[in-house]
1. Quick one: 3J(HN,Hα) in Hz for segment B:132-140, Karplus 6.51/-1.76/1.60 with θ = phi - 60°, rounded, Gly and Pro as x.
2. Can you put B:Y235, B:Y256, A:Y32 in order, fewest other beta carbons within 10 Å first?
3. Summing -39500 (n - 2.57) over the DSSP H runs of n ≥ 4 in chain B and dividing by its residue number, what mean residue ellipticity at 222 nm do you reach, to the nearest 500 deg cm²/dmol?
4. Whole-Hz ³J(HN,Hα) for each residue in segment B:190-207, computed from phi via Karplus 6.51 cos²θ - 1.76 cosθ + 1.60 with θ = phi - 60°, x for glycine and proline: what do you get?
5. Tell me, B:L50, B:L263 in order of fewest to most beta-carbon neighbours within 10 Å?
6. When the dipole is taken about the Cα centre of chain B, and only Lys, Arg (+1) and Asp, Glu (-1) are charged at their Cβ, what size is it in debye, to the nearest 20?
7. Across segment B:234-249, in residue order, what do the Karplus-derived ³J(HN,Hα) couplings come to in whole Hz, using 6.51 cos²θ - 1.76 cosθ + 1.60 with θ = phi - 60° and x for Gly and Pro?
8. Starting from the Cα coordinates of chain A, work out the convex hull volume and express it per residue in Å³.
Amino acid sequence: MSPEERVIFERRRRARNWAILGALAGLSVLFYFISLARLLRT
Amino acid sequence: MSDVTAASMGGAQASLDASSLAGASEVRDWITLLKPRVLTLVVYTGIIGLLVAPVALHPVLAITAVLCITIAAGAAGAMNMWYDRDIDAVMRRTIKRPIPAGRISADAALTYGIVLAVGSVALMGLATNWLAAGVLAGSIAFYVVIYTMWLKRRTPQNIVIGGAAGAFPPLIGWIAATGSVEALPLVLFAIIFVWTPPHFWALALFAHADYERAGVPMLPVTHGARETRRQVVIYTVLLVPLTLVPWLMGFNTWVYGAVAALLGANFLRHAWLVWRDEQDETGVSLTKDMPAKRCFKYSISYLFILFGALALDRLILA
């Protein structure tokens, strides 16, 4: 792998990790509010 | 700064710029796998299903339900692109999709689709009810297995039966809110089901060369353009009275009935123009299928306005 390809590869991997972290954080927040809404409903 | 250092820094900067662009385009590719243009209609009709339901869902749960419908439809789209990658590679309309273009591997697309499908169904079940989750799972399976894997390459009736997959969102929205199935969401399902053939066949009339190249037995390929035009008219004639059912059954007022009748009359006019298009003795259009292109465009606006009128009428007047 050339240095340029390595930079692109690492950049992509970092972007993907951030995306997964964002999705997990978003889901956590969503689950929190879903729980609240369901508790309020009952 | 020496020339070598400057050149090396310039190279690194160029590489960073290229990698930023690569990152952005990669994100775009993953979004493309979800078929975002198709999602617009799915989200819209799903929201309408929620709005017309007699039970008001908590806003957080309603947003979650719409999110689940959207993700599930996107997941089905990704699995469709995974299965259809061979025909996508020979159709002009689809050749630039991420899998045939080699930007995303087929295995990665399939994994992505499965993870999103399972996640959206589980989330729907946890947030609303398991009947809605079950119907959501059924709609994904219908689109991927019944339509994509079974019907699409075997019969010109592919989009008639497969059209049911796109008709699920209002039904799922309603079930998410109420936990039960009633007549109105089934009528909404039927409207989208009967609307799909004239919508898709209008598209197939001007894109049939692509389908022919890919060996997909769309109606214009197997039965010719003339028969396809006739079928567009038949299904539009069936559709218009069906759109009046919510008014006739008392779910909506005459205002909706009038809007549906006017919209339907215009759809019939478009279908008539498609049928009467100038054509040679084999049925090939001499106008580059202009009436079919107009009919296709109108069919999209038609469904948006019809469902919007139905929801507004029910929320404000009914």
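FYI, it's all coordinate maths here, none of it is from the lab. These numbers were taken from a predicted model, which means no experiment stands behind them. Using ideal geometry, Cβ is built from the backbone for each residue, glycine included, and neighbour counts are taken over all protein chains shown.
1. 4, 5, x, 5, 4, 4, x, 5, 5
2. A:Y32, B:Y235, B:Y256
3. Rounded to the nearest 500, the figure is -25000 deg cm²/dmol.
4. Listing the rounded values in order: 5, 4, 5, 4, 7, 6, 4, x, x, 5, 6, 6, 5, 5, 5, 4, 9, 10 Hz.
5. Ranked by crowding around the Cβ, least crowded first: B:L263, B:L50.
6. That gives chain B a dipole magnitude of about 460 debye.
7. 4, 5, 5, 4, 5, 5, 4, x, 5, 5, 7, 4, x, 6, 5, 8
8. Taking only Cα atoms, chain A has a hull volume of 32 Å³ per residue.
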